[in-house]
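The structure appears right after this line, and notes come after that.
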């Protein structure tokens, strides 16, 4: 009997945890841009200026990443997560995580968007510039 009660308690706790797990924000970016596939997921505050590396990274991001991750890395509902999000802060997803994601792809683990395929046509140097852009966007949004 104690075993049944323990199992029931675990199931109840798991159900409560699942329903209370935070979902990604559902607001548009500050420039009110709407993505082609779905609504943008993060309200991204843009920095006043970008470093030269981040400017280069922004161009590469727009060419290779924005199709899925949205304008200003805000994510797209039903397509890909926002990269301007606490989950991608440097202490949780270091720069090498981004390098590996681009070169090898990523199995879905934080979000329900499915797996990310490798991205062709980007060098490690290109990705380093993209990371600069993402990190500057993150800092501008209080993600350090």
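Before moving on, here are some points about what is shown:
- Residues of the stretch 110-144 satisfying the condition of being farther than 16 Å from residue 69 by Cα, out of contact with any helix residue (DSSP H, G or I) (no Cβ under 7 Å at 6 or more places or on another chain) and exposed (fewer than 12 other Cβ atoms within 10 Å of the Cβ): 123, 125, 142, 144
- Qualifying residue in the stretch 63-74 (condition: assigned to a loop (DSSP other than H, G, I, E, B), under 17 Å from residue 139 (Cα atoms), modelled with pLDDT of 95 or more and touching a helix residue (DSSP H, G or I) at 6+ places or on another chain (Cβ under 6 Å)): no
- Residue match in the stretch 87-97 (condition: more than 21 Å from residue 48 (Cα to Cα), touching a helix residue (DSSP H, G or I) at 6+ places or on another chain (Cβ under 6 Å) and part of a helix (DSSP H, G or I)): yes
- Filter result for residue 78 (over 12 Å from the mean Cα position of the chain (by Cα) and either buried (at least 20 other Cβ atoms within 10 Å of the Cβ) or at pLDDT below 95 (or both)): yes
- Selection within the stretch 98-112: residues that are in contact with a strand residue (DSSP E or B) (Cβ under 7 Å, 6 or more places away or on another chain) and not in a strand (DSSP E or B). The member of this set that is farthest from residue 126 (Cα to Cα) is 105.
The values are calculated or read from the model by the stated rules, or taken from the named source; none is laboratory data. Keep in mind it's a predicted model, so treat the numbers as computed, not measured. Heads up, the Cβs are rebuilt from the backbone with ideal geometry, glycines too, and the neighbour counts pull from every protein chain shown.
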